[in-house]
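The values are calculated or read from the model by the stated rules, or taken from the named source; none is laboratory data. Bear in mind the structure is a predicted one, so any value in this text is a computation, not a measurement. Every residue, glycine among them, receives a Cβ derived from its backbone with ideal geometry; neighbour counts consider all protein chains shown. Heads up: the accessible areas ignore ligands, DNA and RNA and are worked out on the full protein's heavy atoms, side chains in. Shrake-Rupley method; radii C 1.70, N 1.55, O 1.52, S 1.80 Å.
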Amino acid sequence: MIHPWVKVALAWGGLAISLLANAGSGELSLTGNLIQGGLAFGQVSPDSKVWANGHPVRVSPAGEFILGFGRDYPPQAAVTVQMKEGTVHSYTFEITGREYDTQRIDGLPNAQVNPGPQVMRRIRRESAEIAAARGLDEDRMDFKSGFMWPVKGRISGIYGSQRILNGEPRQPHYGIDIAAPVGTQVLAPASGRVTYAEDMYFSGGTLVVDHGQNLSSSFLHLHEILVEVGEYVRQGQPIALVGATGRVTGPHLDWRMNWHQQRLDPGLLMGEMSPES
């Protein structure tokens, strides 16, 4: 059964769709962006268990959890809830599809588009490292305080765009690019724990901050990283400086978000960017 939309509200500055599935019995409520790239916030009875498309989801003792929907997420999400007494309920929710732009970037060094075998070994090693850093799944819920823009500036690249690099099709862009001068402070958009802080071949200076329940932010192309792995950072704290490192044509911050294997759109959590101070 596909449960109907029951109300529309504003949450954290972004459009939030709220669904109540048998809310009177306290089984499940889901609020957020049920759209490709979106993040939803769920509530079930305390001590319940939740699965999304067959995969277990971390649930807080109070019954709170999150769900993420990647760029190419299928049209429906199946959620299963097992209540404390053992009763099992199944729900199917529609996930809105999106159309994505094509972004052409020319003038990149050929080595940044077609790396040689030695560089590819480095890239594979770094990919494994970043996957491990994004794999932290703690019961913290730092994301509950909401998110702020890490940098103010012109949006120069959007989530989901198909990338054409020097005329060659490549992976889509999974973040939001904010143009800013080298040395501009990057602020933590939400509190969390630093899980990665290294220089990578494609993304240059790279920092990952975990916000709890396997929701993380990644910050790419940094000039300097101001925090260390294992450090807990507070929302609004300076954590890095904008740079032009890695595969870029100019200085900017590439902000990305991940929930498990789902690559999310940070822009869906944000309101309109206020003017630069």
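Side notes on the structure shown:
- Of the listed requirements (1) part of a loop (DSSP other than H, G, I, E, B); (2) surrounded by fewer than 23 Cβ atoms within 10 Å (Cβ to Cβ); (3) touching a residue at least 60 places away in the same chain (Cβ under 8 Å), ARG163 misses just one: (1).
- Taken over segment 81-98, the criterion of being among the hydroxyl-bearing types (Ser, Thr, Tyr) and part of a strand (DSSP E or B) is satisfied by SER90, TYR91, THR92, THR96.
- Any hit, segment 104-111, residues being surrounded by fewer than 13 Cβ atoms within 10 Å (Cβ to Cβ) and modelled with pLDDT of 90 or more: no
- Here ALA78 qualifies as assigned to a strand (DSSP E or B), out of contact with any helix residue (DSSP H, G or I) (no Cβ under 7 Å at 6 or more places or on another chain) and free of Cβ contacts under 8 Å to residues at least 60 places away in the same chain.
- Filter pass, ALA128 being under 20 Å from the mean Cα position of the chain (by Cα) and open to solvent by 30 Å² or more (accessible area, probe 1.4 Å): yes
- Flag: VAL88 does not match the condition of being of a type in the set (Val, Ile, Thr), in contact with a Ser or Thr (Cβ under 9 Å, 6 or more places away or on another chain) and within 30 Å of GLU228 (Cα to Cα).
- Of all residues in segment 178-204, those being open to solvent by 10 Å² or more (accessible area, probe 1.4 Å) and closer than 22 Å to PRO115 by Cβ number 7.
- Meets criteria (modelled with pLDDT of 90 or more and within 20 Å of the chain's Cα centre (by Cα)) for ASP101: no
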